[in-house]
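The values are calculated or read from the model by the stated rules, or taken from the named source; none is laboratory data. Bear in mind the structure is a predicted one, so any value in this text is a computation, not a measurement. Virtual Cβ from ideal backbone geometry, glycine too; neighbours counted across all protein chains shown.
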Amino acid sequence: MNTSRPIAILAGLLALAVSACAPAVPDLNAPIGDSAASAAGTPTSTTVAAANPTTTTTPPTTTSSTSSPPPTSTTTTTTSVVPVGPVEQTVGAWSLAPEVRDESGTQFDATVTAPSLDGDVDAALQARVDSLVDGHIESQIGATLALWRSIEGQGDRDLTGSTLTLEYEVAGFVESLISFRFFSDEQVAGSGGAKRQAMTLMIDLVDGVAVGLDDVVLGGEGRAQMLPLVQGGLLAGYFGGDEDAFSLWAGNLTAADIDDAALSDQGIEIWFDELEVGPPDIGTPVVLLAFEALEGIIDPAGPAAAFLAG
């Protein structure tokens, strides 16, 4: 839940209100992962390519980045990011199934579609994986409720009628690692502060530990080297090359803001919340950086190795 760019977001909202070019409140009925970008290129096959036939989600898409890449990288290629909803899947020793939970409180309703991972593995490893999934979900719910109660400085405000839904998708699933996307839709009763958020979680299924972007890239400069690629993807895919609009909304984007990342066999997905780097009509933006564009940036012996081998 990234809040590192309040100035850019407030400036963008002010401009949005003046221009009336997009609704003041995000469309909470839009499909999970919906975006305004158009696809370019053809997605490659993945071990989790079968979409849930009952889901209503619409695949978000990315476009090419034309920004100047770091000296060691290649030109960014383009592809679609295909959401894989809560479906039963099996890879190696692990099986994955959706689990619906009611996390409602006395004043709010919360429904969670959580991933349930089971495996023919050591009991301690299973427990660590379960703890990572549960802890991630609970921390996101807790942070959301804390934000709701802080709206307009009302402290422990009455949240009666507020709703929260949280649902996962699988970005990548190989025997040694799984990548999740989580999308939350929020409706705060009596407030215009509702929005959709995108979060990611990557788990090493061999050691039972969470994996972050800094574990995937080489050295401490990996994020900085990725930044121009992410900026270029946002500029081309969500702003149509309009540098003034991009600067208004995402001009303060830094390497530290690239924190919701998910590995797939197509590359690294970088996700942002609604209103984080653009107006509400673009939904939850995602930039997919293909592995070939990350030569010299990504660690070929790190967590991405299993996907690079495929």
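Condition first: assigned to a loop (DSSP other than H, G, I, E, B), buried (at least 19 other Cβ atoms within 10 Å of the Cβ) and β-branched (Val, Ile, Thr). Can you find one or more residues in the range 226-242 that meet it? Spell out the reasoning first.
Kept after step one, since they are assigned to a loop (DSSP other than H, G, I, E, B), are these residues of the range 226-242: 239-242.
If we keep only those that are buried (at least 19 other Cβ atoms within 10 Å of the Cβ) as well, we get 239.
From what's left, β-branched (Val, Ile, Thr): none.
Taking every residue of the range 226-242 in turn, none turns out to be assigned to a loop (DSSP other than H, G, I, E, B), buried (at least 19 other Cβ atoms within 10 Å of the Cβ) and β-branched (Val, Ile, Thr).
Annotation note: of LEU201, LEU177, LEU164, the sole residue that is in contact with a helix residue (DSSP H, G or I) (Cβ under 8 Å, 6 or more places away or on another chain), at pLDDT 85 or above, buried (at least 19 other Cβ atoms within 10 Å of the Cβ) and more than 18 Å from GLU99 (Cα to Cα) is LEU177.
Checked against the criterion of being surrounded by fewer than 24 Cβ atoms within 10 Å (Cβ to Cβ), within 30 Å of ASP120 (Cα to Cα) and touching a residue at least 40 places away in the same chain (Cβ under 8 Å), the range 267-280 contains one or more residues that satisfy it. Does the range 247-259 include one or more residues that are of a type in the set (Val, Ile, Thr), within 30 Å of VAL174 (Cα to Cα) and in a loop (DSSP other than H, G, I, E, B)? Yes: one or more hits. As a summary of the residue check, ILE203 satisfies the conditions (1) part of a strand (DSSP E or B); (2) within 21 Å of LEU248 (Cα to Cα) except for the one numbered (2). Would you call ARG128 in contact with a Pro (Cβ under 8 Å, 6 or more places away or on another chain), among the basic types (Lys, Arg) and either under 28 Å from PHE272 (Cβ atoms) or at pLDDT 95 or above (or both)? In short, no. Of the residues making up the range 243-261, not a single one is surrounded by 20 or more Cβ atoms within 10 Å (Cβ to Cβ), among the hydroxyl-bearing types (Ser, Thr, Tyr) and farther than 24 Å from TRP148 by Cβ.
Scanning the range 268-310 for residues that are among the charged types (D, E, K, R), modelled with pLDDT under 95 and under 16 Å from LEU229 (Cβ atoms) gives GLU292, GLU295.
Filtering the range 273-310 to residues that are among the charged types (D, E, K, R) and more than 14 Å from the chain's Cα centre (by Cα) leaves ASP281, GLU292, GLU295, ASP299.
For GLU292, the conditions (1) in contact with a helix residue (DSSP H, G or I) (Cβ under 8 Å, 6 or more places away or on another chain); (2) not in a loop (DSSP other than H, G, I, E, B) all hold with the exception of (1).
Residues of the range 262-277 that are within 18 Å of ASP185 (Cβ to Cβ) and part of a loop (DSSP other than H, G, I, E, B): PHE272, ASP273, GLU274, LEU275, GLU276.
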